[in-house]
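Okay, handing you the structure first.
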Amino acid sequence: MTTLRLSKGHYTLLGLLLVGLFAFLEFGGFAPAPGTLLITLVFWSALLQGAVAVAAVTDLVGARWIASLRRELLAATPLLFLFPLLFLLLGLRLEIYPWSGHPGAWLNAPFFLGRNALLLFAVALAAGRFARLSLAGDPRRSAAAVLYLFAFVASQTLVAFDWVMSLAWPWVSTLLGAYFFVEALYGGLALAGLLFFLLRRSKVDLPPLGETHMRDLALLTFGFSILWAGLFFAQYLLLWYGNLPEEVGYILDRLATPGRLLLCALFLAGLFLVPFLALLSRRAKQTPAALLLVALAVLTGLFAERALLILPAAPPHLGLLLVENGLLLGIWLAAVANHDLLLPQGTEKGD
């Protein structure tokens with residue numbers, strides 16, 4: 001992967017410009033679309049935090065395949081420092097939450113914004129420390145990985161409970177937090193599959209990418225498709241068995257139109273059917289094109305699911321949604337291509 005080489009200062013400036021551009025897009029009077037920024041942040045926070053979490057988990061268990069992708073996965077770290085700033089833009093969109101008109105002890109604007117922004121910043125700090133130690137081969141990297149994973153789980157749990165579930169307040173699901181951080185790990189694996197394909201095709205300044213590494217990644221992705229299906233069915237079973245009007249109504253609101261039914265079909269296919277069926281055979285697990293197909297399916301399914309959860313309460317603007325996600329995709333690809341400059345000097349050769 002070749003691109004314009006960026007210094008750390010240039011990349012920091014690029015990130016701040018991105019935050020400013022997001023503010024302009026959201027509040028420049030283009031369209032009244034309160035859900036656009038929320039969908040974008042919920043989706044990309046899962047992917048980027050999940051990418052670092054995949055690196056942390058595989059570092060702890062000593063998985064060998066991570067050596068092929070460690071630097072590229074950890075290149076998501078600098079972007080995590082943008083999320084507290086982007087999240088604070090939601091402070092001007094809190095009217096989408098039904099509790100904003102009658103706040104309580106937990107759900108009130110200052111506490112909501114403060115706890116989430118601080119936790120997002122803590123995740124970024126923990127990711128930065130883990131990335132430095134991991135790439136340097138420092139023995140303290142295991143403790144840093146555990147610290148990051150605790151912050152990651154707490155952050156994705158708050159994303160589920162605060163950002164998404166409180167849109168349907170007072171509806172409650174205690175399983176949603178676990179569901180979200182498992183999906184974030186799943187999304188991180190999908191990014192790893194996408195990176196694996198891109199790096200194999202670039203063939204420039206890359207460590208060897210063996211067939212064994214690809215098979216290990218494919219097996220892990222296949223396993224997560226089954227884990228995700230189990231969590232999804234557990235949530236469905238609770239709603240079906242309880243048959244409570246407020247819980248059934250939450251599902252019916254998200255199946256009320258043909259467009260939402262299409263999103264439902266997309267996330268079921270993308271997060272389970274396609275990866276499960278595509279990776280059943282041994283040969284597919286050793287085929288880069290099959291891994292790419294699965295990675296794209298998972299990313300599409302995850303985006304469709306997050307949009308489906310948010311859309312009834314906070315409709316997005318499709319054009320702005322595409323622009324915002326395209327901007328984050330671009331800055332992430334720039335981070336991947338410039339990973340050696342984004343992390344501290346002297347750490348990039350620790351592999």
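For the subset of the range 115-142 comprising residues that are open to solvent by 20 Å² or more (accessible area, probe 1.4 Å) and at pLDDT 95 or above, which member is nearest to Ala55 (Cα to Cα)?
The extreme case among them is Leu125.
Output the helices (runs of 4 or more DSSP H) that fall wholly within the range 149-264 and possess 3 or more residues being surrounded by fewer than 16 Cβ atoms within 10 Å (Cβ to Cβ) and among the aromatic types (Phe, Trp, Tyr), or say none.
211-242
A further question on this structure: Of everything in the range 269-323 that's part of a helix (DSSP H, G or I), over 19 Å from Leu48 (Cβ atoms) and β-branched (Val, Ile, Thr), which residue is least open to solvent (accessible area, probe 1.4 Å)?
For the range 269-323, the residue satisfying everything is Val294.
Something else now. With the condition kept exactly as written, say whether any residue in the range 119-135 is outside any helix (DSSP H, G or I) and of a type outside the set (Phe, Trp, Tyr).
no
Out of Gly29, Gly91, Gly62, Gly20, I need the residue that is of a type outside the set (Ser, Thr, Tyr), farther than 25 Å from Leu299 by Cα, at pLDDT 90 or above and open to solvent by 10 Å² or more (accessible area, probe 1.4 Å). Which one?
Answer to the check: Gly20.
Could you check the range 265-283 and list, in sequence order, the residues that are out of contact with any helix residue (DSSP H, G or I) (no Cβ under 8 Å at 6 or more places or on another chain) and either of a type in the set (S, T, N, Q) or within 16 Å of Ala304 (Cα to Cα) (or both)?
Answer for the range 265-283, where residues must be out of contact with any helix residue (DSSP H, G or I) (no Cβ under 8 Å at 6 or more places or on another chain) and either of a type in the set (S, T, N, Q) or within 16 Å of Ala304 (Cα to Cα) (or both): Ala265, Leu273, Ser281.
Going through Val172, Val164, Val146 one at a time, which residue ends up being closer than 28 Å to Ala218 by Cβ and among the hydrophobic types (A, V, I, L, M, F, W, C)?
None of the other options fit; the residue is Val146.
The values are calculated or read from the model by the stated rules, or taken from the named source; none is laboratory data. Because the structure is predicted, anything quoted here is derived from the model rather than measured. Note that we place each Cβ from the backbone using ideal geometry, even for glycine, and neighbour counts take in every protein chain shown. Calculation scope for accessible area: heavy atoms of the full protein, side chains included, ligands and nucleic acids excluded. Shrake-Rupley method; radii C 1.70, N 1.55, O 1.52, S 1.80 Å.
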